[in-house]
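Below you'll find the structure, written out as structure tokens, and then a few comments.
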Amino acid sequence: MLLHRYFIPIVLSVIVSPSRATTKEGSTIDEPENVDLLEDVKNLKQAMKGWGTNEKTIIDILTHRSYNNRLRIGTLYQETYSDSLWEDIKSETSGDFRTALKALVLTEARFFAEEMRNAMRGWGTNEDTLLLCLMLTVNDHLTVQGIKDYYESIYNRDLEDDIQDETGTPFKEFLVEVLNRPKFNESAELDEEAVTADLSDMQEFIEDEKVLDIVYLVTSRSLSHLAMLQEKYYQSEGSELIETLDEISDHHVRDGLISFMSVATDFYRYCADELHNAMDGHGTEEGIITRIIATRADKDLATIKEMYYEMFDETLSKAVQDDSSGDYEKTLLSLIN
């Protein structure tokens, strides 16, 4: 899968990934006022009781409750019935529909931890999944730490060790560095002299094809710092830094670096492009669609879908309708709209 079908305009407006806290303006979750979560719990249990499953009830409730209320529903469900909401849903659903519901009822950190484990389980590794999970949480330090903690507690394994074992150089160094990035203050005043020094180093690393040095430089800087670096590179070279990185021969680290620089410049454009790539051409990458739509719905999906229309002259809803079906499609559309 190509992650770089567009190059970012040099008019740089730094838009970084928001934290887990939601903003009403960016959310697409249309939650009714004065919701009765205990009633939701009873209705969910009834929807999965006996012969057959009432998928409509499950979709209507879970796609119209905020992240915090969905987690509260899960807790109340356990307290009321001594059953796990996720385990009941897992036993009553399947396929992409099940995965979308999983993203709605688990904590974001646990969902991504399980997605990353699944990407490295068995024969072969899905590098694209590892990359997307880290890009969607790249500026959310608490969630990244939660991913590590859940990974260890659920699987009794170390996420960093598994990445080292399941991916190759220089991509594994890139992933590990992103995973272990310190928390940055993205609103802090930028040090223009430091950015200029990085520009000189970057030009040298590119000329000498020092890919690991590029990795270490990029992953150890704030997103706002990288956005300014890209602007200075364009002013100096007359071309986009992303275009230059596109010439790196190892396609995994190339896609990683381009993704990271894209997130640094415009997170919403990155998400819109990933969604389009997942539905463009032959086949559909449902995992990508689910991870973005389900985890961004009560954060900034409203902004992402506006960007999608601006970039591709098609609504995100229409694209999803054309490339999905059944209860999975209904779930996604309910989240989008």
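The values are calculated or read from the model by the stated rules, or taken from the named source; none is laboratory data. Predicted model, so just to flag it, every value in this text is computed and none were measured. All Cβ positions, even for glycine, are placed from backbone atoms using ideal geometry, and neighbour counts span all protein chains on display. Heavy atoms of the whole protein, side chains included, go into the accessibility calculation; ligands, DNA and RNA do not. Shrake-Rupley method; radii C 1.70, N 1.55, O 1.52, S 1.80 Å.
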Checklist entry - Under the condition of being of a type in the set (Val, Ile, Thr) and within 18 Å of the chain's Cα centre (by Cα), which residue from the stretch 86-113 is surrounded by the fewest Cβ atoms within 10 Å (Cβ to Cβ)? => result Thr107
Next on the checklist: If I go through the stretch 166-219 residue by residue, how many of them are within 19 Å of Glu115 (Cα to Cα) and free of Cβ contacts under 8 Å to residues at least 24 places away in the same chain?
Outcome noted: 3
Checklist entry - In the stretch 58-73, which residue that is open to solvent by less than 20 Å² (accessible area, probe 1.4 Å) and in a helix (DSSP H, G or I) is nearest to Met48 (Cα to Cα)? => result Ile58
Checklist entry - In the stretch 133-142, what residues are in a helix (DSSP H, G or I) and open to solvent by 10 Å² or more (accessible area, probe 1.4 Å)? => result His141, Leu142
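Residue-by-condition table, conditions (1) among the β-branched types (Val, Ile, Thr); (2) touching a helix residue (DSSP H, G or I) at 6+ places or on another chain (Cβ under 6 Å); (3) exposed (fewer than 15 other Cβ atoms within 10 Å of the Cβ):
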position: Glu173; (1), (2), (3): no, yes, no
position: Pro182; (1), (2), (3): no, no, yes
position: Ser187; (1), (2), (3): no, no, yes
position: Asp191; (1), (2), (3): no, no, yes
position: Val195; (1), (2), (3): yes, yes, no
position: Met202; (1), (2), (3): no, no, no
position: Phe205; (1), (2), (3): no, yes, no
position: Ser222; (1), (2), (3): no, no, no
position: Ala227; (1), (2), (3): no, yes, no
Checklist entry - For the stretch 177-219, how many residues are within 18 Å of Leu257 (Cβ to Cβ) and among the charged types (D, E, K, R)? => result 10
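Here's the yes/no breakdown for (1) open to solvent by less than 10 Å² (accessible area, probe 1.4 Å); (2) farther than 21 Å from Ile288 by Cβ:
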position: Arg117; (1), (2): no, no
position: Met120; (1), (2): yes, no
position: Gly124; (1), (2): no, no
position: Leu131; (1), (2): yes, no
position: Glu152; (1), (2): no, yes
position: Pro170; (1), (2): no, yes
Item to check | Residue count for the stretch 43-72, restricted to those that are among the charged types (D, E, K, R), more than 24 Å from the chain's Cα centre (by Cα) and modelled with pLDDT of 95 or more | outcome: 3
Item to check | Options Thr295, Thr303, Thr284; residue that is among the hydroxyl-bearing types (Ser, Thr, Tyr), open to solvent by 10 Å² or more (accessible area, probe 1.4 Å) and assigned to a helix (DSSP H, G or I) | outcome: Thr303
Checklist entry - How many residues does the stretch 256-276 hold that are closer than 20 Å to Val178 by Cβ, open to solvent by 10 Å² or more (accessible area, probe 1.4 Å) and part of a helix (DSSP H, G or I)? => result 2
Item to check | Residue that is surrounded by the fewest Cβ atoms within 10 Å (Cβ to Cβ), among those in the stretch 47-57 that are outside any helix (DSSP H, G or I) and not polar (S, T, N, Q) | outcome: Trp51
Next on the checklist: Here is a list: Asp83, Asp30. Which entry is part of a loop (DSSP other than H, G, I, E, B), open to solvent by 20 Å² or more (accessible area, probe 1.4 Å), among the charged types (D, E, K, R) and at pLDDT 95 or above?
Outcome noted: Asp83
